[in-house]
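Undergrad: The following block contains the structure, expressed as structure tokens.
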Amino acid sequence: MSYSEFVMTSLETAGAEEGDTLEIVSGKRSYKGVLMPHHEFSHPDVIVIKMKSGYNIGVKLSAGSKVSVIEKREAKMKPARPQRSDDNLKTIAVIGTGGTIASYVDYRTGAVHPALSADDMVGAVPEISSICNVKARVLFSIFSENMDPECWVAIAKAVKEELSNGADAVIIPHGTDTMGYTSAALSFMLDGLDKPVVLVGAQRSSDRPSSDSYTNLIAAARFCIETSMPGVFVLMHETLSDTTAVVHKGTRVRKMHTSRRDAFKSINSSPVARINFEGKIEMLCDETPKPAASLVVKDVLERKVALLQFHPSMDVELFKEIMLKHRGIVIAGSGLGHVSTPMVKALGEVVKAGTAVIMTSQCLSGSVNLNVYATGRDLINAGVVPVGDMLPETALVKLMWVLGQTSDMKEAARMMTENLRGEISQRREIDG
Amino acid sequence: MAERVTCGIEIHQQLNTNKLFCSCPCDLIEEEGATILRKLRPSQSELGEIDRAVLAQAARKMSFRYQSPRSRCCLVEADEEPPHDANVNAMQATLIVSEMMGCRAVDEVHFMRKIVIDGSNTGGFQRTALVAIDGDIEINGKKIAIQTVCLEEDAARKVETKGSEITYRLDRLGIPLIEVATGPDMHDPEEVREVAVRIGSILRATKMVKRGLGTIREDLNVSIPGGARVEIKGAQDLKLLPTYVEREIERQSGLLKIRDELVARGVTKVEPDIIDCSDVLKGCRSKVISSALSKGGKVFGVALAGFEGLMKSPDSKLRLGSEMAQYAKTKGVAGIFHTDELPGYGITQEEVDALRDKLGLAPGKAFAICADERTKASSALKMAADRAYSALNGVPEETRDPLPDGGSAYSRPLPGAGRMYPETDVRPITIGVERLEAIRSSLPELPDAKAARFVKAYGIHEQQARQIVKEGYEDLFEDLAERYGMAAIAARTFLNTLPELEKEGVDTSKIGDDEIVEAFASLSKGEFAKEALPAVLKELAKGSNVKKAVSSLGIGSMDQGDAANIIDAIIEERADFVREKGEGAVGPLMGVAMQELRGKVDGKKAADLLRERVQAFLRG
């Protein structure tokens, strides 16, 4: 909700702007404070002022209210925070996409300003300057739920550019909601990657003293510099404590909690490393990365791919129509990768019509197996392609990418079942 | 003429609704639960300005352990989930209190984040909102301004400090607090207590407050003319409030005298020179010194010429030394030594002279030393020396902790105002006119009206009624009067018996309200005589319960027959006296009779029985 017309007129007549000190007389009551931005959820007739004590209050204006400006706002210059670069240190490129990894709070207005430039960032996280040089740029700044494949492509191209220009690693601050999708997309698109590309996020906004963003950013920088491990990764807190972060393979990571710091988990695999904030980096897997050729960005993606979760009572006819409009469909089936009998039949028709259908499990953990039950065998006969223990979201992104690399359905099926970026494995260990 | 002292208070009262921003219950628990480890980081302000209190806290570089008992805290307290909408009942209680004090509520309540990084809030901030402003209460015919009423969340409670790690428990975090802040309108220590009691009874009138130790805390602001505003934060004992004020007046007056003396002596501020004096004290027999040195630590010294007799004056009235020591302790050392207390503590006169030499001081000139691990000792001594020189400016503004003896100790610098910004996860709350009118038309009874009603309903004196309300016993009194019809006994118990027991040294605060109700229940059943009530209360204060007290005191009521036998025996023993005095013997014998009957018989009954038996005896 925005201001009502009547409030807008009152403010205009008084010549009142945000940051001005106002006096408001409303009946027998008078208030004095600094005009704050209108709050989204405020009543349209309410203006918010900051009192001398620092508290904000909402004051409802009415016909008889008088608003006058006592003092115009003072323009305060933001201090320059020039940073020097150190020739002995490697350089990490930080490509901002929207997650605010560091910010400054203006207590006068309550505004939280993101630290966007390298100077601002290092000013907010001085620890970085003893680990590496920072080259920061803002690619775009959007909520991650609004990201689409165009964004993934833009990020991939920016990564190539930075690495070509001499960066030793890339860190990508990213909103946590769809960070797993982006990390999967980058994993596939960045073919021949021989440097670390680490996505980091924060579950607690960086304006607050408890924010996980700072420890995550510093840990990401350390991981890049100390291990130089090639690949695309997601780094977030390992537990609720500020003791360790874990580095997840970009194709194996999923946000498993709406709000906890340790929301991100590796599914059907183990994280590749653990960073002790006050100590060493532990490597957690002994996979030797493939020798890299040179980095090529394979950025053609098929947009018309969808992910559908199967559930009882799903309207088979309706969804069949939807599926026929796509070039590829990933199903998150139940259990070992099952759907209802009518849906099996529908999937068979969809495959016949030329749409690739991939089977994953909504259980997330564990592998699909269409050999065990009749339903599974029927799905195989219908032409549905099971993809082992790949995450549904990763399968979605991979299918988009695969269908951008080939239009041959047989080849697409082969590529989907081949382990290209650690997204499928043949073994699931017992430690749970 | 300037007032002797100017005081304001802020009262924080816990509510027993659910927590302010989640659905956890508001009770503390003796259970640790899982531990979460965290560090907090000071937020950067846009303009590079960080609040000085925030900076001071950050400098102590603390790690925090949070105990999270599962039934008393949830992901919200752990800073792992956004806050829920503000508790409606808590807001209602706040509005009721505001209306009772004539304050006006704001049109829209906005919760703010107030930065706190001592670890007591997991997010690094406290959620707090201003709800109402500009009211007043009347005490002894004088208007005391109520400047603000706020609703905020209580902090986690400190469980222990080990080195650089503090452990908190999350059970208390999030309990709603109503904060009432008065204007600086009190100019007398006793007045401060009365105002606190009155505000307490207004808060209790909402029936939504928690009762018991620690559920209500007072912050005192005290300044004397020429002094400075000092905040004594977190006092819990109402009875001690006047003492805190008196002692602070003394402390500030002393500091002003110290300043005047320093100026008269021509002392000026110099940059303190912290010098390593470890070699001078190599063989020192002070445990503190020798222990620090043997562990590889150092003894540092600083010259403080001009401060002689001011760190601890012979009459102990001037005590700059204890202020210096309190500042030093913030760096983690146990304390300092200064020349007003030396030789002593195992440090000899020869060593004192040698130290003076080392520090380049003329004979008799003052200095201070500190022994500990090198960085701690030198930074602590610098704090002490800086504090000494700031005495030239009189009284520093600061926040102090209340001590059980009525004194206080330095805690941290007074916080500035500029560290709040909006809590954007919580929606603003509209306070509509209709809601306020509904509250106004059904306000709980104000103290005066309550006192008048007690007189009418229970037949006690007006003086007693006022005193009961004034001392905060109104709810308990009414409960007892209604349930057992024992208004007079209840009144006497609160106004006379309890204070008398206190004078005897009994800690009556240990008697819970429900135990008092139990005692009266037992009394009303005739399980003991009312004269024995003080003895029963005394036992309850020691930790006993009513049943045990009655039996251990041997005061269970006696049947008529036994009582008559005891009285007959008394009469027999004094047969001559009784024959001589006739019925007039009853009076003198009452004392003995009551003693023998040991409170098992009601006084009036005993008197009647004694009279009857005396009459029977006289008849032959």
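Okay, residues lined up against (1) in contact with a Leu (Cβ under 7 Å, 6 or more places away or on another chain); (2) within 23 Å of B:Pro413 (Cβ to Cβ); (3) not hydrophobic (A, V, I, L, M, F, W, C):
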| position | (1), (2), (3) |
| --- | --- |
| B:Ala181 | no, yes, no |
| B:Glu190 | no, no, yes |
| B:Ala196 | yes, no, no |
| B:Arg211 | no, no, yes |
| B:Ile216 | no, no, no |
| B:Gly227 | yes, yes, yes |
| B:Ala235 | yes, yes, no |
| B:Arg247 | no, yes, yes |
| B:Arg251 | no, yes, yes |
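Undergrad: Here are B:Tyr421, B:Tyr410: which of them is buried (at least 18 other Cβ atoms within 10 Å of the Cβ), aromatic (Phe, Trp, Tyr) and within 23 Å of B:Phe337 (Cα to Cα)?
TA: That would be B:Tyr410, the only listed residue that is buried (at least 18 other Cβ atoms within 10 Å of the Cβ), aromatic (Phe, Trp, Tyr) and within 23 Å of B:Phe337 (Cα to Cα).
Undergrad: Additional query: Scan B:Leu151, B:Leu130 and give me the residue that is in contact with a Cys (Cβ under 8 Å, 6 or more places away or on another chain), within 13 Å of another protein chain (Cβ to nearest Cβ) and at pLDDT 95 or above.
TA: B:Leu130
Undergrad: A follow-up question, please. Can A:Thr91 be described as closer than 30 Å to A:Val153 by Cα and either more than 14 Å from chain B (Cβ to nearest Cβ) or in contact with a Phe, Trp or Tyr (Cβ under 9 Å, 6 or more places away or on another chain) (or both)?
TA: So A:Thr91 fits the description; yes.
Undergrad: Among the strands (runs of 3 or more DSSP E) lying completely within the range A:5-87, list those that include at least 2 residues that are at pLDDT 90 or above and among the hydroxyl-bearing types (Ser, Thr, Tyr).
TA: Once the strands (runs of 3 or more DSSP E) in the range A:5-87 are filtered for at least 2 residues that are at pLDDT 90 or above and among the hydroxyl-bearing types (Ser, Thr, Tyr), what remains is A:29-35.
Undergrad: Assess whether A:Ala156 counts as being in a helix (DSSP H, G or I), more than 14 Å from chain B (Cβ to nearest Cβ) and crowded, with 21+ Cβ neighbours inside 10 Å.
TA: Judged against the criteria, A:Ala156 is a match.
Undergrad: Quick test of your reading of the structure: B:Arg356 fulfils all but one of (1) in a helix (DSSP H, G or I); (2) under 28 Å from B:Ser408 (Cβ atoms). Name the failing condition by number.
TA: (2)
Undergrad: Among the residues of the range A:100-117, which ones are closer than 19 Å to A:Val134 by Cα and crowded, with 20+ Cβ neighbours inside 10 Å?
TA: Those that are closer than 19 Å to A:Val134 by Cα and crowded, with 20+ Cβ neighbours inside 10 Å: A:Thr100, A:Ile101, A:Ala102, A:Ser103, A:Tyr104, A:Pro114, A:Ala115.
Undergrad: If a residue has to be under 14 Å from B:Ala384 (Cα atoms) and either among the hydrophobic types (A, V, I, L, M, F, W, C) or free of Cβ contacts under 8 Å to residues at least 12 places away in the same chain (or both) to count, how many in the range B:272-298 make the cut?
TA: The qualifying residues number 2.
Undergrad: For the range A:56-78, enumerate the residues that are basic (Lys, Arg), over 16 Å from A:Ser26 (Cα atoms) and within 10 Å of chain B (Cβ to nearest Cβ).
TA: The answer is A:Lys76, A:Lys78.
Undergrad: Look through B:Val131, B:Val159 and report the one residue that is assigned to a strand (DSSP E or B) and surrounded by fewer than 18 Cβ atoms within 10 Å (Cβ to Cβ).
TA: Of B:Val131, B:Val159, the one residue that is assigned to a strand (DSSP E or B) and surrounded by fewer than 18 Cβ atoms within 10 Å (Cβ to Cβ) is B:Val159.
Undergrad: If you check A:Leu186, A:Leu190, A:Leu199, which single one turns out to be more than 14 Å from chain B (Cβ to nearest Cβ), within 22 Å of A:Asn419 (Cβ to Cβ) and over 15 Å from the mean Cα position of the chain (by Cα)?
TA: Matching residue, one of A:Leu186, A:Leu190, A:Leu199: A:Leu190.
Undergrad: Of all residues in the range B:300-353, count the ones that are basic (Lys, Arg), in a loop (DSSP other than H, G, I, E, B) and under 28 Å from B:Gly163 (Cβ atoms).
TA: Residues flagged as basic (Lys, Arg), in a loop (DSSP other than H, G, I, E, B) and under 28 Å from B:Gly163 (Cβ atoms) within the range B:300-353 amount to 1.
Undergrad: Same structure, new question: Please work out which residue is farthest from B:Pro428 (Cα to Cα), limiting yourself to the range A:15-55 and to residues that are small (Gly, Ala, Ser) and facing another protein chain (nearest Cβ under 8 Å).
TA: Checked the range A:15-55; the qualifying residue farthest from B:Pro428 (Cα to Cα) is A:Ser53.
Undergrad: While we're looking at this one, here's another question. Out of everything in the range B:421-453 that is without any contact (Cβ under 8 Å) to a residue 12 or more places away in the chain and among the hydrophobic types (A, V, I, L, M, F, W, C), what residue ends up being farthest from the other protein chains (Cβ to nearest Cβ)?
TA: The extreme case among them is B:Ala449.
Undergrad: Would you mind finding the one in B:Leu320, B:Leu392 that is surrounded by fewer than 19 Cβ atoms within 10 Å (Cβ to Cβ), modelled with pLDDT of 95 or more and not aromatic (Phe, Trp, Tyr)?
TA: B:Leu392 is the lone residue from the list that is surrounded by fewer than 19 Cβ atoms within 10 Å (Cβ to Cβ), modelled with pLDDT of 95 or more and not aromatic (Phe, Trp, Tyr).
Undergrad: Do you know which of the residues in the range B:90-127 that are within 25 Å of the chain's Cα centre (by Cα), more than 8 Å from every other protein chain (Cβ to nearest Cβ) and part of a strand (DSSP E or B) is nearest to B:Ile166 (Cα to Cα)?
TA: B:Gln126
Undergrad: In the range B:339-346, is there at least one residue being buried (at least 20 other Cβ atoms within 10 Å of the Cβ) and touching a residue at least 40 places away in the same chain (Cβ under 8 Å)?
TA: No, that holds for no residue.
Undergrad: Let me ask you something else. So in the range B:481-503, with the set limited to residues that are at pLDDT 90 or above and acidic (Asp, Glu), which one is nearest to B:Val550 (Cα to Cα)?
TA: B:Glu500
Undergrad: Under 8 Å between Cβ atoms, at least 6 apart or on separate chains: pull out the pairs that start in the range B:68-89 with a residue that is closer than 10 Å to B:Leu170 by Cα and away from chain A (no Cβ under 12 Å) and end on any residue that is β-branched (Val, Ile, Thr) and part of a loop (DSSP other than H, G, I, E, B).
TA: What qualifies is B:Pro69/B:Ile29; B:Arg72/B:Ile29.
Undergrad: Return the residues of the range A:256-276 that are closer than 24 Å to A:Leu396 by Cβ, more than 14 Å from chain B (Cβ to nearest Cβ) and of a type outside the set (Ser, Thr, Tyr); say none if nothing qualifies.
TA: Across the range A:256-276, the qualifying residues are A:Lys265, A:Ile267, A:Asn268, A:Pro271, A:Val272.
Undergrad: Tell me which residues, restricted to the range B:592-619, are within 21 Å of B:Lys581 (Cα to Cα) and hydrophobic (A, V, I, L, M, F, W, C).
TA: Within the range B:592-619, B:Val592, B:Ala593, B:Met594, B:Ala606, B:Ala607, B:Leu609, B:Leu610, B:Val614, B:Ala616, B:Phe617, B:Leu618 qualify.
Undergrad: Here's a follow-up. Looking at A:Gly388, A:Gly366, A:Gly376, which one is part of a loop (DSSP other than H, G, I, E, B) and in contact (Cβ under 8 Å) with a residue 40 or more places away in the chain?
TA: A:Gly366
The values are calculated or read from the model by the stated rules, or taken from the named source; none is laboratory data. Only a predicted model underlies this, so the values are computations on that prediction, with no experimental measurement involved. Cβ sites come from the backbone with ideal geometry, for glycine too, and all protein chains shown count toward neighbours.
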